[in-house]
Every structure is written in C-alpha cells, then in structure tokens.
Amino acid sequence: MDNPKKMLLQAANQLYKQKRYNDCLTLLNDNAAEFLDNETFFKIKGLALSELNEHNESVQCFVQAIKLNPLDPLPYVNIGNSLAKNLQFEEAEKYFNLALTVDPAYMEAIVGLGVAAFQKMDYEACERHFQQALDLSPNHVMVMTNLGNCYSVQGRYEEALTLLNKVIARDKGNSLARTNRGLIKLGKGNFESAWEDYEYRWDSGNFMANRFQELPRWSGPTPKSQNVLVWAEQGIGDEIMFGSIFNDLKDLKEKFFVECDPRLYQIFAASFPHLEFIPKGLVKNITPIQSQIPLASLGGIFRADKKRFTRPLGGFLTIGAHQLPNVTEESLAALPRPWIGVSWESYALTQNFRGRKSISAEEFSVLTSQLPGSIINLQFPNPHQHEKKSEQPIPEKVITLPGLNLKNDMAGLAALLKKLDHVVTIGNSVAHLCGAFGIRTDVLLPNVPDWRWEHTGEKSVWYESIKLRRNKLANDWSALLNQVATEIGAAR
C-alpha cells in the first residue's frame, strides 16, 4: 500500500477511535474508489456503520473484507458483534464459530460466544465460554468482569465479588467492574460502600450519557443558596423510587429543579410543592443553574445506610384532585369485588433483563384463573411490540377497563390503584407506583431479583406497603403463583 493510502486509512481509524463515526464514513466514502481491494478499508467502514446501528450495511462491509481475506478471523467476529447489537444472537453465534474455524483460539470469538449466551440467558454456556477465554488469558480483565456478571445474574454473588474485586485490584477505575460490584452491594443492602461504586455507572456502557457535565456536581447540603438541577436517569420506576428522597430536600437552602418523565409531572408537582419540576426536554428553559446531580446519586447523600431510609405509612405520593374518567369509574363500579389489579410483564430495555423479570400471560393465568372477584388489567401496552409477531396476550379473567391510558396517564392509573382492594405485580413500574402510594401489593420477584428489591426478605427498604414474594425456581413461576392465589383467596 502506498503511503498516501496508508495515511488516509490511519486518519479514518483515528476518527473512528474518537467516535466521530460520520466523519470517518465521509472520509472513507469520498475515497472509496481507491480501496476496492483493501480489506482494512472495509473493516473500518463496517465498524463505523455498526456504531451508527446501520447493521445491514455494516455486515456487507465485513463480508467484503472476508472475500478479500477469508483466513482473517476478525471480520467474522465483527459480523457477529454487529448482529448481536441488532439482537440477532443466534446468527451472531454462527459467525463467532466461523471465526473459531479459522483460528480455534481466537479470543474475541470466544468472548463473543459468551456475550451472546448471556443475552440468551444460557448461563451455563456463557460460563463455559468465559472460562475457556480465561484458560487462554488467565488475567484478562474484561473476561473476568463478564464472568463475574454471569455469576451475579445467577445469584452467585460471592463468586462474582471475588472476580470483581480481583479486577478492581488490578484496575481501580474499571467502570464496569465497579458498577457491577456496586449493584451487588446495593442488592445485599450494603449501602455504606455501594453508592461509591455505583457512581461508575456512567462509563460502564450500561447507562445513558452523563449529562450536564459543564456544571459542578452538587455534593450535598450547604449553607449557600443556589439553584440545583436534579436530572432524570433510567426508567420511570427509578424516578418514582428515588422520589422517596424528595422530602429530604424540603428544608435545605438550595432551590431544586427536578427533571422528570412528563407522565409523572402532575403527580410529583402535587406531592412535592417545595420543588420545581420540569418535564424532560424542557430543562433548557429553566432559571440559570449553579450545580447539578443525577437523580440516583441522591442515594449516596441521603440513603448512605439503612437507618436513613424512610417508609411512611400511606406512601409519599398523592394525586391531588385527579379523578378517574367517568367511563372507567362506572365500569369498575359495575364489577364484583374484590377488585384485584395485576401486571405481569417488564419493558426493560434489554431482552435479558425483561426475560428474567417477566411472566408470560399463559403462566400468569395460573394466578388469575384462581383469584376471586374481578381481575383488573394494569399492564402497560408493550413498547417492544415490534419484536413480536402477535398482539400482546392477556392472562385469563383479566379485564381491561375503558377510558384509561395505562401507559401515559400515570395520575389516572394511580387513581385506579387507590380504588383497588389488592394488587399483584412483578417488579416493574406498577410495583413502584403502588409502593409510592401506599397500596397493599404483592410483588412477584424472580429467584435472582434486581438490586432495587434486595436479595432477601419480604419487606422493601423503599416502600412500606409492599410484600416481596420471591420465586425459588429459575424458570417456573407456578408454585409461587399458586401460593399467592391461595393466600389471597383465603383472606377473602
């Protein structure tokens, strides 16, 4: 390769490393005619396209690189990674295995198989692949971190901590290891040391961007009057849960502007009149801000240990004067009691997380078919419906009331919840809403729950009215569903 071509590819690769993917593609496309027989050109272009989620075009580039050099395992791995980003895990595995056909000890392919198996919740295969990778490179930090995460989602927390501590001893600032260790500590209730690790979530690749970094971070109460922005992160359930801290801000010198999901604006404004709430997307319109803090980081300041958690009777939210729509109220009143609300599915962003938390409508029918009275649908419409070929199934006996938008009308949903006699839900945003309003609720948790519900116990550290019902089996909810149905029936 002549020197000008080499320099151009180096420049494109540098743009890629700087995450300037569009600039990288512009440079490559403007000079494409000179590189039709250059595999490096197609590799860099494919990687940039993959980062922009242009998966089909990305795969085409890697295929072209393979045609130019079929004995290079890297393009096969790149195709696998691009397919995995597009949630095509089984197809991804085929290309990782093709890479291993070329080079049986190719580390990136073995790791790719482990990641794909993790996303498919095949933890036995995941562990096998990562162990194979560690046999090749015993102190590989990324592989140890991934294996630790594999242990963690199986509830093997001590094994996970052993690996993560080993990683952090070698690389104190390893964000993924610190974040995962923080999540385990939060689940164990070790809040004193957990929040520091959890602050690494911004660089771990698991969370959204760390915003408003041009402003100083607010680190806690001061005697100085200033405007502080508390900005939203993660999902609506977390906004509700960390909203339990908002009353701690009441008597401070600072004035707080709190960003929130627009669906929560009415509820939060009625519940916390001492705070100024701003729906997402409108933060730029507010008074000049002197400092900022992400919502979950309030935990490290105000919930540094279990003694500082408050669980007020009756919850901490109010709907003010909001009422149910007349048609919803009338339809509910016509139904026999008890009125039992249910929700069975999670809409977490990743399939893996959703799969662990959710219960299929068919299996959830084990519960609903036995419950007395009227079973009221509290389930949000599925925002991931495009991933399924059929309409969202509904469990047996579940009634969807007219006139209420379960996804977008949080105040209306809360008004309905307050009229119900009981709620049974998985650990989703409905559970958080019930706890925040002090509604008696059974929350069904998988055998390995996420940190918000801790790893053990029937009581929630965040909510007084919730009873945590923990499944003992990994892939079978029937025993727990039968038990809950029997207990509710006996109580009526």
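Here is a check on your reading of the model: is Asn210 touching a strand residue (DSSP E or B) at 6+ places or on another chain (Cβ under 9 Å) and surrounded by fewer than 16 Cβ atoms within 10 Å (Cβ to Cβ)?
Criteria met by Asn210.
I'm checking my understanding of the structure. Among residues of segment 2-29 that are within 19 Å of Ser82 (Cα to Cα), in a helix (DSSP H, G or I) and not hydrophobic (A, V, I, L, M, F, W, C), which one is farthest from the chain's Cα centre (by Cα)?
Asn13
Can you give me the number of residues within segment 33-70 that are in a helix (DSSP H, G or I) and closer than 21 Å to Leu8 by Cα?
Going through segment 33-70 one residue at a time, the tally reaches 22.
Please pick out the residue among Trp218, Trp195 that is modelled with pLDDT of 95 or more and not assigned by TED's automatic domain parsing to the domain that holds Glu108.
Trp218
Can you tell me which residue in segment 30-46 is nearest to the chain's Cα centre (by Cα), limited to those that are touching a residue at least 12 places away in the same chain (Cβ under 8 Å) and surrounded by fewer than 21 Cβ atoms within 10 Å (Cβ to Cβ)?
Looking at the filtered set, the residue picked out is Thr40.
Report yes if Lys250 is free of Cβ contacts under 8 Å to residues at least 60 places away in the same chain, of a type outside the set (Val, Ile, Thr) and out of contact with any Pro (no Cβ under 8 Å at 6 or more places or on another chain), otherwise no.
So Lys250 fits the description; yes.
For every residue, the table says whether it meets (1) in the same structural domain as Ala474 (by TED's automatic domain parsing); (2) of a type in the set (Gly, Ala, Ser); (3) in contact (Cβ under 8 Å) with a residue 60 or more places away in the chain.
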{"site": "Val111", "(1), (2), (3)": "no, no, no"}
{"site": "Gly114", "(1), (2), (3)": "no, yes, no"}
{"site": "Phe118", "(1), (2), (3)": "no, no, yes"}
{"site": "Ala133", "(1), (2), (3)": "no, yes, no"}
{"site": "Asn146", "(1), (2), (3)": "no, no, no"}
{"site": "Glu158", "(1), (2), (3)": "no, no, no"}
{"site": "Arg181", "(1), (2), (3)": "no, no, no"}
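Does any residue of segment 462-476 turn out to be touching a residue at least 40 places away in the same chain (Cβ under 8 Å), outside the structural domain of Met241 (by TED's automatic domain parsing) and within 20 Å of the chain's Cα centre (by Cα)?
yes
Could you please find all residues in segment 468-477 being of a type outside the set (A, V, I, L, M, F, W, C) and surrounded by 13 or more Cβ atoms within 10 Å (Cβ to Cβ)?
Within segment 468-477, Arg469, Arg470, Asn471 meet the criteria.
The values are calculated or read from the model by the stated rules, or taken from the named source; none is laboratory data. Computed from a predicted model, the values in this text were never measured in an experiment. So basically every Cβ, Gly included, is an ideal-geometry build from the backbone, and we count neighbours across all protein chains shown.
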